């Protein structure tokens, strides 16, 4: 449940951008100008929600606020560009209401100096902060770099300690280091660009290429977002992860589709698994197709505090031939287990199309999952936006029944039920696939909310993939479905 009540603030964190912001650069390439739109969903079934979005600058001071009333189970847009913020503004946002909310921030960059000049990324809200957060897949290479944003979500300044580690768990020179983030403000860190935040020591000496992870701790509450920019012009974002006791992580969408020697519409996935323990753990990786068949299984030993990567095209921390049993048309999911806690993320790359997206591994099932924004839009006969909702059955033994609602301003426009086999992902796409004809009843100018429910006690996990197109550009964004149990 995400709402403001008795001082608890629903938080949307990160790069809330207004046009003319040029973010940190690769050594010889920028990443373009960005704008952020926050989609907020009123999760309450019967009552309107009055929602206030407060935009906080990098010093922790409110710059603007915007209020909207949202119908039950409906959504509303909060574009940073329309909030009276000056061009070049960079900060974060707080979303609050007396009703339960779910929200997603979509950031779009234009004038990217590669490919079509556009890219986009999405991440979901934080209901509260934590004292320890992780970014399992941080990188600094000539082809990709991770920009990490950390927000202090406390009423006092946050003293943070940051430790960068290699994929083998070794601490990078200069870590841990300390920084102070003012109350409700945020700081952004880029290993390629010391000018963005000079408080990171020895940035120029950080190895390149470098792949690893980041651990951030604080006595105050913090939250974070990571945006990875690729030199080819695309970007992907995901939320920071909070450590827990999870020994099973679900990845609802994993691809390995090789067309004509990785050209055309080829895409692949990179899973990251981070060991949170001071000893080696064994991760057991299972890959399932969309019919519930296990196509691949292998174990891997992960050293203390290490973050191993499993790339279905390049291999990552394992030999790429490990993934050959998935063949060249794999579209499915993965389940990773261990006897000790770990964290996980996943990144999708569609190389020739210059697209990328990221999401967090799902740690457990829910009986209800909501998606604050989905699309079915056309300009005449030309598609301009479409959505794939992916739902994973977390029951390892039983088929489950799900009920889906596709809502316009909070009113169901399309509803249907489906059955999903054990350990199986099922996709529902507003443009492609078996349900596209049914979803055509949404019309050609639809952006709304989606609610998926089940009575199975094991529950479901899910994510959404939104694709936006213009006459000469295309970008894609993924975010996790938000449980509201």
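Computed from the coordinates by the stated procedures, all read-outs in this text should not be read as laboratory data. Since the model is a prediction, treat every value here as computed from it, not as a measurement. So basically every Cβ, Gly included, is an ideal-geometry build from the backbone, and we count neighbours across all protein chains shown.
Taken as Cα centroids, the stretch 44-69 and the stretch 99-159 sit 19 Å apart, rounded to the nearest whole angstrom.
Packing order of peptides 124-133, 57-66, highest average first: 124-133, 57-66 (average count of other Cβ atoms within 10 Å over each peptide's residues). Full extension of the chain segment joining residue 128 with residue 156 gains 8.6 nm, where the gain is 0.36 nm per residue of separation less the Cα-Cα distance. At q = 0.17, 0.18, 0.22, 0.23 Å⁻¹, work out log10 I(q)/I(0) for the stretch 203-327 with the Debye formula, treating every Cα as an identical point scatterer and leaving solvent out; two decimals please. The computed values of log10 I(q)/I(0) come out as -1.15, -1.27, -1.61, -1.64. For the stretch 442-456 and the stretch 220-243, compute the distance between their C-alpha centroids and round to whole Å. The distance from the Cα centre of the stretch 442-456 to that of the stretch 220-243 comes to 26 Å. With Cα atoms as the point set, the radius of gyration and Dmax of the stretch 291-436 evaluate to 17.7, 55 Å. Can you tell me how the stretch 67-147 classifies by the Cα gyration tensor, rounded, prolate or oblate, using a/c under 1.5 as the rounded cut? Here the stretch 67-147 falls in the oblate category. Would you work out if the chain is rounded, prolate or oblate? Take a ≥ b ≥ c from the square roots of the eigenvalues of the alpha-carbon gyration tensor; rounded if a/c is under 1.5, else prolate when a/b is larger than b/c, oblate otherwise. It comes out rounded by the Cα gyration axes.
Counting other Cβ atoms within 10 Å as a rough exposure proxy, the listed residues 371, 78, 211 run 211, 78, 371 from fewest neighbours to most. Pairwise Cα distances in the stretch 410-464 exceed 19 Å in 33 percent of cases. Name the shape class, rounded, prolate or oblate, that the alpha-carbon gyration tensor gives for the stretch 230-295, where a ≥ b ≥ c are the square roots of its eigenvalues, rounded holds for a/c under 1.5, and otherwise prolate holds if a/b is larger than b/c and oblate otherwise. Note, shape of the stretch 230-295 comes out oblate. Only helices enter this figure: runs of n ≥ 4 DSSP H residues, each worth -39500 (n - 2.57), summed and divided by the residues of the chain, yield 0 deg cm²/dmol at 222 nm to the nearest 500. On full extension, the segment bounded by residue 379 and residue 291 gains 28.2 nm, given 0.36 nm per residue less the C-alpha separation.
By counting other Cβ atoms within 10 Å of each Cβ, how are 437, 424 ranked from fewest to most?
Ascending number of Cβ neighbours within 10 Å: 437, 424.
The order of 485, 179, going from fewest to most other C-beta atoms within 10 Å of their C-beta, is 485, 179. Between the stretch 355-385 and the stretch 245-289, the C-alpha centres lie 20 angstrom from each other. Sorting 446-452, 410-416 by their mean Cβ neighbour count within 10 Å, with the most densely packed peptide first, gives 446-452, 410-416. Taking 0.36 nm per residue of separation and subtracting the Cα-Cα distance, full extension of the segment from residue 173 to residue 69 would add 32.5 nm.
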